[in-house]
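J.: Mind looking over this structure? Questions follow.
The values are calculated or read from the model by the stated rules, or taken from the named source; none is laboratory data. Just so it is clear, the structure is predicted and the values come from calculations on it, not from any experiment. A quick note on method: Cβ atoms are made from the backbone with ideal geometry, for glycine too, and the neighbour counts reach across all protein chains shown.
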Amino acid sequence: MTKRENIIRILKRQGGEHIPFEFSFAPKLQKEFEQRTGTSNVAEYYDFDFRRIGSNPSRLKLDFSRYYEGKSLKEGYYLDDLGVAHEPGSIEHFTHYVSPLAGSDTTTKDIEEYPMSDREANYRYKVLDNNVSGVHKKGYAVYAFAGHVFEWAWQIRGMEDMLMNFYDNPKLAHTLLERIAEKNIVASRKFAESGVDIIGFGDDVGTQTGMMMSPDIWREFLKPRLERQIRAAKDANQDVLTWYHSDGNIEVIIPDLIEIGLDILNPVQPECIDPVMIKNKYGDKLSFWGTIGTQSTMPFGTPQDVKDVVKNMVEKVGYDGGLVLAPTHVLEPEVPWENIDAFVEACREYGVLK
């Protein structure tokens, strides 16, 4: 069985030879990894069951300067493809967002005229088929991320303004979300047509204790757009698996995610949502990707703690497949290298299926 065949069978809960695992590093740990191993490719070094790919970069040179006229930005800032300014933050790789369309004077027309990247352009996907087939020939599955909707919208609009607009200016909110979703729908279809095995979507809509917004607001503004993205992928390729990320406790919308065709939920953050309970309630319809705490076990546990948690997740969440073991976020500098080694060792030891 190839690694691709294995992870697909696992995620379809059809058996398999081993529980897959994966992780990624924040910059300081990435540098340490490179110093220790002499390579920069984490997936290759640890031989994950899949490889990540993306679309080609945009050729557009968008001008966002008018949105920052009169604003003083910190030295070292940069603009991303959305036109959002990132100022240096105080913690490792995190940055402070400066939202170009924040403010009560922003209108729906401003949203309609805001420049956005050409993610729908055919040239952005020109060599995708070759890239996917190349990974498949090596025996690995392919994962591609089709985009955020809520996160990209609030980064452009500002978090407080975006949340307020759900109530005080729904037309503006719908306009911005729709402009982003339309491009994601094209990306979803293009990735699926090229043979990508797993297509990711994601929006952090949860806090440690519950939803960031009411479930009804999520259902009005975000659920239909996520459903259209999932449907675009599955209409193009009925075998494609869909993956959705939200940190926090989002149990209240898990039935909605199942209803609109989601296959894989990430990261099932154990500090605020019990992976075993979620498996027991929804494991016949969903697979899970994550479950290993980056606020708890990975930075603060002992290597034996890490191994014990991995073993427990394999036995109580991954017993019929349906699980990819992963930390619930990138591994931050506080994580001891011994715990990373313990995670890999435990996945390889306990993840073998009978």
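J.: Would you confirm whether or not segment 302-324 contains a residue that is of a type in the set (Val, Ile, Thr), crowded, with 18+ Cβ neighbours inside 10 Å, touching a residue at least 60 places away in the same chain (Cβ under 8 Å) and touching a Ser or Thr at 6+ places or on another chain (Cβ under 8 Å)?
T.: Initial filter on segment 302-324 (of a type in the set (Val, Ile, Thr)): 302, 306, 309-310, 314, 317, 324.
From the residues that got through so far, the ones that are crowded, with 18+ Cβ neighbours inside 10 Å too are 306, 309-310, 314, 317, 324.
Now narrow it down to the ones that are touching a residue at least 60 places away in the same chain (Cβ under 8 Å): 314, 324.
From what is left, the residues that are touching a Ser or Thr at 6+ places or on another chain (Cβ under 8 Å) are 324.
For segment 302-324, residues of a type in the set (Val, Ile, Thr), crowded, with 18+ Cβ neighbours inside 10 Å, touching a residue at least 60 places away in the same chain (Cβ under 8 Å) and touching a Ser or Thr at 6+ places or on another chain (Cβ under 8 Å): present.
J.: Let me ask something else. Closer than 21 Å to LEU331 by Cβ and under 21 Å from the mean Cα position of the chain (by Cα), is that true of ARG51? Give the derivation first.
T.: Details: closer than 21 Å to LEU331 by Cβ: yes; under 21 Å from the mean Cα position of the chain (by Cα): yes.
Criteria met by ARG51.
J.: Here is a further query. Any chance segment 140-160 includes a residue that's among the aromatic types (Phe, Trp, Tyr), at pLDDT 95 or above and part of a loop (DSSP other than H, G, I, E, B)? Break it down stepwise before answering.
T.: Step one: list which residues in segment 140-160 are among the aromatic types (Phe, Trp, Tyr), which gives 140, 143, 145, 150, 152, 154.
Adding the requirement that they be at pLDDT 95 or above leaves 140, 143, 145, 150, 152, 154.
Those left that are additionally part of a loop (DSSP other than H, G, I, E, B): 140.
Yes: segment 140-160 contains one or more residues that are among the aromatic types (Phe, Trp, Tyr), at pLDDT 95 or above and part of a loop (DSSP other than H, G, I, E, B).
J.: For segment 57-109, give me the residue count where each residue is of a type in the set (Phe, Trp, Tyr) and assigned to a loop (DSSP other than H, G, I, E, B). Quick ask: steps written out before the conclusion?
T.: At the first step, the residues of segment 57-109 found to be of a type in the set (Phe, Trp, Tyr) are 64, 67-68, 77-78, 94, 97.
Imposing the further condition that a residue be assigned to a loop (DSSP other than H, G, I, E, B) reduces the set to 64, 77, 94.
Final tally of qualifying residues: 3.
J.: Which residues, counting only those in segment 24-53, are aromatic (Phe, Trp, Tyr), touching a helix residue (DSSP H, G or I) at 6+ places or on another chain (Cβ under 7 Å) and under 19 Å from PHE288 (Cα atoms)?
T.: The first filter runs over segment 24-53 and keeps only residues aromatic (Phe, Trp, Tyr), leaving 25, 33, 45-46, 48, 50.
Next cut, touching a helix residue (DSSP H, G or I) at 6+ places or on another chain (Cβ under 7 Å) only: 25, 33, 45-46, 50.
PHE50 - this is the single residue of segment 24-53 that is aromatic (Phe, Trp, Tyr), touching a helix residue (DSSP H, G or I) at 6+ places or on another chain (Cβ under 7 Å) and under 19 Å from PHE288 (Cα atoms).
J.: Which one of these is basic (Lys, Arg), on the phi < 0 side of the Ramachandran plot and under 24 Å from the mean Cα position of the chain (by Cα): LYS74, LYS126, LYS109? Spell out the reasoning first.
T.: On the way: LYS74 fails: under 24 Å from the mean Cα position of the chain (by Cα); LYS109 fails: under 24 Å from the mean Cα position of the chain (by Cα).
The unique qualifying residue is LYS126.
J.: Follow-up. Any idea how many residues of segment 73-93 are out of contact with any His (no Cβ under 6 Å at 6 or more places or on another chain), free of Cβ contacts under 8 Å to residues at least 40 places away in the same chain and over 26 Å from LYS183 (Cβ atoms)?
T.: 7
J.: Return yes or no: is GLU69 surrounded by fewer than 17 Cβ atoms within 10 Å (Cβ to Cβ) and in contact with a Phe, Trp or Tyr (Cβ under 7 Å, 6 or more places away or on another chain)?
T.: Details: surrounded by fewer than 17 Cβ atoms within 10 Å (Cβ to Cβ): yes; in contact with a Phe, Trp or Tyr (Cβ under 7 Å, 6 or more places away or on another chain): no.
Considered against the rule, which asks whether it is surrounded by fewer than 17 Cβ atoms within 10 Å (Cβ to Cβ) and in contact with a Phe, Trp or Tyr (Cβ under 7 Å, 6 or more places away or on another chain), GLU69 comes out as no.
J.: Out of (1) in contact with a helix residue (DSSP H, G or I) (Cβ under 7 Å, 6 or more places away or on another chain); (2) part of a loop (DSSP other than H, G, I, E, B), the odd one out for GLU112 is which?
T.: Of everything listed in (1) in contact with a helix residue (DSSP H, G or I) (Cβ under 7 Å, 6 or more places away or on another chain); (2) part of a loop (DSSP other than H, G, I, E, B), GLU112 misses just condition (2).
J.: So ASP129 clears everything in (1) more than 30 Å from HIS174 (Cβ to Cβ); (2) assigned to a loop (DSSP other than H, G, I, E, B) except one condition, right? Which one?
T.: (2)
J.: Can you give me the number of residues within segment 161-210 that are among the hydroxyl-bearing types (Ser, Thr, Tyr), over 30 Å from GLU271 (Cβ atoms) and part of a helix (DSSP H, G or I)? Steps first, answer last, please.
T.: From segment 161-210, those among the hydroxyl-bearing types (Ser, Thr, Tyr) are 167, 175, 188, 194, 207, 209; that's our starting set.
With the extra rule that they be over 30 Å from GLU271 (Cβ atoms), the set shrinks to 175, 188, 194.
With the extra rule that they be part of a helix (DSSP H, G or I), the set shrinks to 175, 188.
Adding up the residues that qualify gives 2.
Per-residue answers, yes or no, for (1) hydroxyl-bearing (Ser, Thr, Tyr); (2) closer than 20 Å to ASP204 by Cβ:
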position	(1), (2)
ASP81	no, yes
HIS86	no, yes
TYR97	yes, yes
HIS136	no, no
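J.: Collect the residues in segment 73-94 that are of a type in the set (Ser, Thr, Tyr) and at pLDDT 95 or above, keeping them in residue-number order. Talk me through it step by step, then tell me what you get.
T.: To start, the set of residues in segment 73-94 that are of a type in the set (Ser, Thr, Tyr) comprises 77-78, 90.
Within segment 73-94, TYR77, TYR78 qualify.
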